[in-house]
Amino acid sequence: MFTFAVFICLIPLGFCKPLQTRDSQSLFNVTCHHIARVISSASAVYYPGSPQFISDIEHWAPSSTQVSACSVEPGTVKDVAAIVNVLARSTTPFSIQSGGHATSVGFSSTLGVAINLVRLNSMAYDPTSRTVTIGTGQTWSDLFQKLEPLELNVAGGRMGGVGVGGLALGGGYSWLSNRHGLTIDTITALELVLPNSTVVHVTPSSAPELFFGLRGGFNNFGIVTKITMRAYKQGPVWGGVLSFDADKVEAVNAALAKFSASNTDPDGNCLFNFFWSNGVLIAGTLQLFYNGPEPPSGLFSEFLSIPHTSKDLGTRSFLNFTKALSVVNPLKPTHLRVAFSSVSMPHIAVPVLKDIIQQGQYYSRPGVFSTQPFVSFAVEPFYWKSMVRPRDDAAYPHDVFVNPLNLFFGWPNATEDAAASSAIKGAGANITQALINNGQDLTGTVLYPNYALGDATIESLYGANVPALKALRSKYDPKGVFLRTGGYKFI
Ligand SMILES: Cc1cc2nc3c(=O)[nH]c(=O)nc-3n(C[C@H](O)[C@H](O)[C@H](O)COP(=O)(O)OP(=O)(O)OC[C@H]3O[C@@H](n4cnc5c(N)ncnc54)[C@H](O)[C@@H]3O)c2cc1C
């Protein structure tokens, strides 16, 4: 007789508590042992207690980690297919993890079988097509390391530690986006293990429906083992970080709004983080990027003229530029529970930025949390001309231009998950209202799936593409095998 693990969502943030029985545990173990028997020596299964198991299930945010029955590291696509075949014949839940940066528990974690793609870390450059084909289990930093000696780059993650798999299958806002679009806009082919365990090479001509669905659709259609992306010549870049005291943030806001409205240089880009604690705006950090050894004079002058508390700007390799950023970005939250959420901003306007400051202040104030939270919102101005594609081009629709706003809440105690849920939702709703009050038209806009809350509806993320995505999922996963792995599901 089979017994299933039953999940009770205590609060609508994705923090689900399992009601796991001894029967379900032993069932999961049977699946682990079955997988161990069918994989080759290029792959391995690990169990709780082994250091490799711990590293396999670990996530960027500890609140996204779950202790699974075993972890599996497939080393070949054939072994990925063998694993999917075993899972399809079982009822065991499973997870697919690339860089483990999903902040919603269950999206790449499980109590069943945790598939960690870390061994899928290949990189091959094809000079004829000017593309690189990359394994989806590596981090962007590992990839940038491999590309640097070839003087090449791809439109990948802005912070190195993020995984290739999640970022590339969810959209991908990159330092190269103002010139080349989202990561998904630069993908030319994918290698996919379907839920029925067959391996398919997906291109716009060989499998147009899957090519559409995978670019934004995460794990709904199977496990992507390789991605082929356009590669670009990469020389030295200019950029780094400026830090500001709270009393300078208004001046930065004015510069941000101006940059967002007037920049037409696809090689220039920036990102601004506000930081609050205990109801007080404590600081702001500005990341500046120019894809060339020096920015044209005037491009960033407004920002550079504001008195700052620290400055680390200069000409450096792209790899060193991303390393410089990791110093100031929200550090790995080793002791915090974390939730991300998103708001889509057609325009970055000063009155809205003022409201954003108020929201950060309000929701980080004493009383919302009994312990000190860490709250940071990131404003990301992009160049609209490079960022729009026809709606039916990819699962993540980006036919209507928006700048994604990332809301980051961190808090120490699980007892405050409900408070965090209502704070992050409250802030998102109030900022959306501020956009409307500012006269901005949100028609046809969607939220960015890679930043959205775990319980965001698929309609809010995929808009008018939802019916096509639902039909595609039922076509390629009629038995619902991949409904046993977490994430936004096209049902
Ligand atoms: C510090 C930090 C910096 C970030 N910077 C950026 C940024 O610059 N730009 C941006 O756009 N986003 C950024 N993000 C958001 C990031 O894109 C998402 O969190 C993304 O999903 C993480 O990918 P991952 O592979 O690390 O995560 P994972 O947790 O491993 O995976 C995320 C989801 O993708 C699925 N998945 C992963 N690999 C595969 C695969 N091969 N086949 C099928 N499904 C798969 C997983 O099952 C899971 O549901 C950032 C997040 C953090 C925490």
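For Thr225, the residues whose amide H sits under 5 Å from its own are Glu191, Leu192, Val193, ignoring neighbours fewer than 5 places away on the same chain, with H placed 1.01 Å from N. Computed with the Debye formula from one identical point scatterer per Cα of the range 339-491, without solvent, the log10 of I(q)/I(0) at q = 0.18, 0.20, 0.21 Å⁻¹ comes to -1.09, -1.22, -1.29. Along the Cα-to-Cβ line of Gln52, 7 Å from the Cα, sits a label point; which residues in the range 86-121 have backbone N less than 16 Å from it? Residues passing the 16 Å test: 114-121.
Within the same chain, lysines fewer than 8 places from Lys470 are excluded, and of the rest, those with a Cα less than 28 Å from its Cα are Lys17, Lys78, Lys226, Lys425, Lys479, Lys489. Accessible area per residue for the chain, computed on protein heavy atoms with a 1.4 Å probe, is 38 Å².
Computed from the C-beta positions of Ala88 and Ser297, the FRET efficiency with R₀ = 56 Å rounds to 0.40. The aspartates and glutamates within cross-link reach of Lys385, meaning a Cα-to-Cα straight distance under 20 Å and a gap of 8 or more places when in the same chain, are Asp185, Asp265, Asp267, Asp393, Asp399, Asp441. Relative contact order, percent, of the range 123-233 when contacts are C-alpha pairs under 8 Å separated by at least 6 residues? Relative contact order, the range 123-233: 31 percent. Here the mean projected area of the convex hull built on the C-alpha positions of the chain is 21.7 nm². The fraction of Cα-Cα pairs per 10 angstrom bin, counted from 0 for the range 36-96, comes to 21, 51, 27, 2 percent, rounded to whole percents.
From its DSSP helices (H runs of at least four residues, each -39,500 (n - 2.57)), the chain gives a residue-normalised ellipticity at 222 nm of -8500 deg cm²/dmol. The mean sequence separation of alpha-carbon pairs under 8 Å and at least six residues apart, normalised by the residue count of the chain, gives a relative contact order of 16 percent. DSSP beta bridges fully contained in the chain are about 90 percent antiparallel. The equivalent ellipsoid that matches the C-alpha gyration tensor of the range 123-233 spans semi-axes of 22, 14, 13 angstrom, in descending order. Antiparallel beta bridges, as assigned by DSSP with both residues in the range 6-119, represent about 50 percent of the total such bridges. With only the Cα atoms considered, the range 6-119 has a convex hull volume of 96 Å³ per residue. Quick one: longest stretch of the chain between exposed loop chymotrypsin sites (Phe, Trp or Tyr not before Pro), exposed meaning at most 15 other C-beta atoms within 10 Å and loop per DSSP? Maximal segment without exposed cleavage sites: 5-491.
For Thr309, what charge total do you get from the other residues with a beta carbon under 10 Å from its beta carbon, if Lys and Arg give +1 and Asp and Glu give -1? Spelling it out: positives minus negatives among the neighbours equals +1.
Modelled spin labels at Lys475 and Val200, positioned 7 Å past Cα toward Cβ, are 0.8 nm from each other.
The modelled label-to-label distance between Ala42 and Trp384, using points 7 Å beyond Cα along the C-beta direction, is 4.7 nm.
Which of the trypsin sites (Lys or Arg not before Pro) across the range 34-102 are loop residues per DSSP, with 15 or fewer other Cβ within 10 Å? Before the final figure, lay out each step's value.
On the way: sites: Arg37, Lys78, Arg89; in loops: Arg89.
Sites meeting the loop and neighbour criteria: Arg89.
Under 11 Å from a label point set 7 Å out along the Cα-to-Cβ vector of Val350, the amide N atoms of the range 245-265 belong to 250-258. Using a probe radius of 1.4 angstrom, the carbon and sulfur fraction of the accessible surface of the chain is 57%. Once the chain from Ser370 to Ser129 is taken as fully extended at 0.36 nm per residue, the excess over their C-alpha distance is 81.2 nm. Around the amide H of Ile282, modelled in the peptide plane, lie the amide H atoms of Phe275, Trp276, Ser277, all under 5 Å away and 5 or more residues distant in sequence or on another chain. Using θ = phi - 60° in the Karplus curve 6.51 cos²θ - 1.76 cosθ + 1.60, the 3J(HN,Hα) couplings for the range 216-224 round to x, x, 6, 9, 5, 10, x, 10, 8 Hz; x is entered for Gly and Pro.
The values are calculated or read from the model by the stated rules, or taken from the named source; none is laboratory data. What you are looking at is a predicted structure, and each value in this text was computed from that prediction instead of being measured. Reconstructed Cβ throughout: ideal geometry from the backbone, glycine too, with neighbour counts over all protein chains shown. Quick note on the areas: whole protein, heavy atoms, side chains included, nothing else; ligands and nucleic acids left out. Shrake-Rupley method; radii C 1.70, N 1.55, O 1.52, S 1.80 Å.
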